[in-house]
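Contents: one structure, followed by commentary.
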Amino acid sequence: MSPDTVTLRPATAADAPLLAAWDRQPHVIACSSDDPDAEVAFDGIDWADELSNSAYELTYVIAEVAGEPVGVMAVCDPHTEPSHYWGEIEPDLRAVDIWIGPPEWLNRGVGTRMMTQMLDRCFAEPRVKAVVIDPLNSNVAAHRFYRRLGFREEGRRTFAADDCLIMRLTRQDWEGQA
C-alpha cells in the first residue's frame, strides 16, 4: 500500500482492545520504556478509560490504510493538559505522540504520512507556534525520524523514570519546508 492512503480518524472506546494488543508488541514497548523487563507499553494503560475520559485534554486518532488500523497518535496542549506531564511549558504548543501497532507496517512510510497529517492539523490552528515531542533518549531511530521532519533537539529531560530527548518543530520551520 502507498503511504498516501493513510487516513486519520478519531479513536473510540471500540479501539481499546486493539490498542491494548498493540501495547504488547516488543517495538511498542521499546518506544515507551527503557525497562528491559517491561511486558506492556505505557505502564499497562487502561485504554477503555483513557479513550472515554473526555475531561482529559488529550485527543487520540487511529491511522488506517485501506480501512486497516496501522497506528495511533495522541495530541494535546501541553500547557493546559490536567496531568501537567510537561511541567512548566509555554502556551500555544502541541505535544504529539505516535506509534505504529502491527510490526509489518514499520519502515513503510506510514509514520511519516501520519506525522505530516498531524503537523498540518496542529499548524492549521493559527495560535500554535510549535510542536514538541519527547522520544526516549535511547530511541535513536525516532530521533532520526523526527529530524527528517524538521524537529530540532532542545535537550534531555526525565519524565518519571524515562530519560527523554525533547525536540521541537516551530511553525516557521514547518512552513519553510512547504
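Quick look at the values:
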quantity: Checklist (1) more than 27 Å from Thr7 (Cβ to Cβ); (2) assigned to a helix (DSSP H, G or I) applied to Met115, failing item; calculated: (1)
quantity: Every pair of residues 6+ apart whose Cβ atoms lie under 8 Å, when the first sits in region 119-134 and is without any contact (Cβ under 8 Å) to a residue 60 or more places away in the chain and of a type in the set (Ser, Thr, Tyr) while the second is in a loop (DSSP other than H, G, I, E, B) and surrounded by 16 or more Cβ atoms within 10 Å (Cβ to Cβ); calculated: none
quantity: Where a residue in region 154-178 is without any contact (Cβ under 8 Å) to a residue 60 or more places away in the chain and under 17 Å from Ala142 (Cα atoms) and its partner, wherever it lies, is hydroxyl-bearing (Ser, Thr, Tyr) and part of a helix (DSSP H, G or I), with Cβ under 7 Å and at least six apart; calculated: Met167/Tyr146
quantity: Wholly enclosed helices (runs of 4 or more DSSP H) of region 1-107 bearing at least 2 residues hydroxyl-bearing (Ser, Thr, Tyr), in contact with a strand residue (DSSP E or B) (Cβ under 7 Å, 6 or more places away or on another chain) and farther than 23 Å from Leu136 by Cα; calculated: none
quantity: Of the criteria (1) assigned to a helix (DSSP H, G or I); (2) under 22 Å from Asp43 (Cα atoms); (3) hydroxyl-bearing (Ser, Thr, Tyr), which one Tyr146 fails; calculated: (2)
quantity: Hey, Val28 under 16 Å from the mean Cα position of the chain (by Cα), surrounded by 12 or more Cβ atoms within 10 Å (Cβ to Cβ) and touching a residue at least 40 places away in the same chain (Cβ under 8 Å) or not; calculated: yes
quantity: Per-region count, region 4-27, residues in contact with a Pro (Cβ under 9 Å, 6 or more places away or on another chain) and over 14 Å from Glu64 (Cβ atoms); calculated: 3
quantity: All positions within region 76-94 that are surrounded by 19 or more Cβ atoms within 10 Å (Cβ to Cβ) and touching a Ser or Thr at 6+ places or on another chain (Cβ under 9 Å); calculated: Cys76
quantity: Ala124 being modelled with pLDDT of 95 or more, of a type in the set (A, V, I, L, M), out of contact with any strand residue (DSSP E or B) (no Cβ under 6 Å at 6 or more places or on another chain) and more than 19 Å from His27 (Cβ to Cβ); calculated: yes
quantity: Residue match in region 61-82 (condition: hydrophobic (A, V, I, L, M, F, W, C) and more than 23 Å from Arg113 (Cα to Cα)); calculated: no
quantity: Residue tally, condition outside any strand (DSSP E or B) and farther than 20 Å from Ile100 by Cα, over region 151-167; calculated: 2
quantity: Selected residue (criterion: nearest to the chain's Cα centre (by Cα)) from residues of region 51-75 that are surrounded by fewer than 18 Cβ atoms within 10 Å (Cβ to Cβ) and more than 22 Å from Trp105 (Cβ to Cβ); calculated: Glu57
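Rundown of residues vs (1) over 15 Å from the mean Cα position of the chain (by Cα); (2) among the hydrophobic types (A, V, I, L, M, F, W, C); (3) farther than 23 Å from Glu88 by Cα, yes/no style:
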site	(1), (2), (3)
Pro126	yes, no, no
Val140	yes, yes, yes
Phe145	no, yes, yes
Thr158	yes, no, no
Asp162	yes, no, no
Leu165	no, yes, no
Glu175	yes, no, yes
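The values are calculated or read from the model by the stated rules, or taken from the named source; none is laboratory data. Everything numeric here is computed off the predicted structure, so don't read it as measured data. Every residue, glycine among them, receives a Cβ derived from its backbone with ideal geometry; neighbour counts consider all protein chains shown.
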